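Structure first, then comments.
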Ligand SMILES: Cc1ncc(COP(=O)(O)O)c(N)n1
């Protein structure tokens, strides 16, 4: 017999509808909770026949059945937080509100009214029934349309969002997050209104319509974080970041717009070790082949990004870079996450335009390397530091972002090498990029052979 090794986790509860299409509703909620390391329980309010194109049918469960599910779950588990999604009718809202009276844990209410597809998920006359439920909740997460229905305030900007949030606070809810995703603009602004304070969470807008499930995912991420013990503001901040990534790396499923990727953060975490091993494998090949001819004065670094990396902390590189020694090239220290700044920022910026890129290396650039690149006939791009606007020149961070934009934006064929001819006090370099470590190593060794032959 094997000894059991129980895994103890915070427990969260979702009270929502089933989405047969898997992107929203209960399915999104449980996936999001699992991605947060939280055990998810559920009370299903309605069963929808739905896919990425829309809702074709919906069946609301008898309130007795919803009651029974809530009894079963709250009677047994130590629930840390709950969230509501599609509640469909006044009866269901009242049933849930009755239970919420006895909840000893935080409750997040996402007042779901209309699906992204435009289909109604709530009877029109049930809109007013939310008041009592909200009075027993910790947080409400209306989008601008829902906030307007609940308050009769047209939400078009920060000021009206705060006014609507304050009006919703009158129900007795502790806090209101007015989600700005439906408002136009390059930046999405979600505004958290509590009694006496307003805090804005900003994210760059992702150019996709695959936002099916975004509201459900955000509400569940907040509930999961509350269940794990986060204070409210921390939970909201973490959840909006979680959602930003889930939208950027959406699931391209179905014929419609696709769905948010509830698992992306978990997959990204799980890929860290593999990513570090990939970088190490490239470094090993460089040491074995002795690529001394390509090591710049500043040192060489090999950087690997996790598949959904958005920050330097999610890129692995050689600590202390790779340098030339009398006996060939040597990494100074081991491979660590966050060990590179310049090459990592360049790779992350390039991934804004070519998201499949995973690895990069910086090499020496001089006339011999230039000739070698020409002989190899690779697509090569170049950016000229002298042409960058002054305000960007101030920080190395934005120089890398600006350079990557020059090299990768609006191109049919993405370059495999990007030349930076340097400037006073800045060594000229060429950065090689690839989708996988083998290709990067192959290209670098090909360039090295071309230079040394
Ligand atoms: C069962 C169910 N619950 C909620 C939503 C809202 O999600 P979205 O607005 O992203 O379509 C949905 N479509 N289906």
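The values are calculated or read from the model by the stated rules, or taken from the named source; none is laboratory data. The structure displayed is predicted, hence computed values, not measured ones. Virtual Cβ from ideal backbone geometry, glycine too; neighbours counted across all protein chains shown.
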Legend entry - Criterion: within 16 Å of the ligand (Cβ to nearest atom), touching a strand residue (DSSP E or B) at 6+ places or on another chain (Cβ under 7 Å) and assigned to a helix (DSSP H, G or I) - qualifying residue of 92, 108, 112: 92
Legend entry - Some residue of the stretch 313-320 being buried (at least 18 other Cβ atoms within 10 Å of the Cβ), on the phi > 0 side of the Ramachandran plot and either without any contact (Cβ under 8 Å) to a residue 60 or more places away in the chain or in the same structural domain as residue 364 (by the TED database) (or both): no
Legend entry - Test for residue 210: is it crowded, with 20+ Cβ neighbours inside 10 Å and at pLDDT below 95: yes
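Grab the helices (runs of 4 or more DSSP H) fully contained in the stretch 198-270, keeping just those with 3 or more residues being within 16 Å of the ligand (Cβ to nearest atom), assigned by the TED database to the domain that holds residue 25 and more than 25 Å from residue 160 (Cα to Cα).
Working: elements: 214-227, 232-248, 264-270.
Passing ranges, in order: 214-227, 232-248.
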Inset, instruction - Give the residue that is nearest to residue 44 (Cα to Cα), with candidates limited to residues of the stretch 118-151 that are surrounded by fewer than 17 Cβ atoms within 10 Å (Cβ to Cβ) and in contact (Cβ under 8 Å) with a residue 40 or more places away in the chain. - result: 119
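Among the residues of the stretch 1-21, write down those that are within 16 Å of the ligand (Cβ to nearest atom) and surrounded by fewer than 21 Cβ atoms within 10 Å (Cβ to Cβ). Steps first, answer last, please.
To start, the set of residues in the stretch 1-21 that are within 16 Å of the ligand (Cβ to nearest atom) comprises 13-21.
The one that is within 16 Å of the ligand (Cβ to nearest atom) and surrounded by fewer than 21 Cβ atoms within 10 Å (Cβ to Cβ): 20.
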Inset, instruction - All but one of (1) surrounded by fewer than 20 Cβ atoms within 10 Å (Cβ to Cβ); (2) within 29 Å of the chain's Cα centre (by Cα) hold for residue 67, so report the exception by its number. - result: (2)
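Could we say that residue 403 is outside any strand (DSSP E or B) and at positive phi here?
Details: outside any strand (DSSP E or B): yes; at positive phi: no.
Considered against the rule, which asks whether it is outside any strand (DSSP E or B) and at positive phi, residue 403 comes out as no.
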Legend entry - Failed condition for residue 336, given (1) in contact with a helix residue (DSSP H, G or I) (Cβ under 9 Å, 6 or more places away or on another chain); (2) surrounded by fewer than 17 Cβ atoms within 10 Å (Cβ to Cβ); (3) at pLDDT below 95: (3)
Inset, instruction - Count, please, the residues in the stretch 300-310 that happen to be assigned to a loop (DSSP other than H, G, I, E, B) and at pLDDT 95 or above. - result: 5
Inset, instruction - Restrict the check to the stretch 273-286 and report whether at least one residue is part of a loop (DSSP other than H, G, I, E, B), in the same structural domain as residue 441 (by the TED database), touching a residue at least 12 places away in the same chain (Cβ under 8 Å) and under 20 Å from residue 431 (Cβ atoms). - result: no
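Would you call residue 171 out of contact with any helix residue (DSSP H, G or I) (no Cβ under 7 Å at 6 or more places or on another chain) and not in a helix (DSSP H, G or I)? Write out each step before concluding.
Numbers: out of contact with any helix residue (DSSP H, G or I) (no Cβ under 7 Å at 6 or more places or on another chain): no; not in a helix (DSSP H, G or I): yes.
No: the conditions fail for residue 171.
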Legend entry - Any hit, the stretch 176-196, residues being within 15 Å of the ligand (Cβ to nearest atom), within 19 Å of the chain's Cα centre (by Cα), crowded, with 24+ Cβ neighbours inside 10 Å and touching a residue at least 60 places away in the same chain (Cβ under 8 Å): no
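With respect to residue 305, is the statement that it is away from the ligand (no atom under 16 Å from the Cβ), closer than 25 Å to residue 142 by Cβ and buried (at least 21 other Cβ atoms within 10 Å of the Cβ) true? Before the answer, list the steps.
Numbers: away from the ligand (no atom under 16 Å from the Cβ): yes; closer than 25 Å to residue 142 by Cβ: no; buried (at least 21 other Cβ atoms within 10 Å of the Cβ): yes.
No.
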Inset, instruction - For residues that are more than 8 Å from the ligand (Cβ to nearest atom), in a loop (DSSP other than H, G, I, E, B) and in contact with a strand residue (DSSP E or B) (Cβ under 9 Å, 6 or more places away or on another chain), tally how many sit in the stretch 22-58. - result: 4
Inset, instruction - Report yes if residue 155 is within 19 Å of residue 122 (Cβ to Cβ), assigned to a loop (DSSP other than H, G, I, E, B) and within 28 Å of the chain's Cα centre (by Cα), otherwise no. - result: yes
Inset, instruction - Select from the stretch 62-88 the residues that are within 16 Å of the ligand (Cβ to nearest atom) and farther than 22 Å from residue 11 by Cβ and list them in ascending order. - result: 88
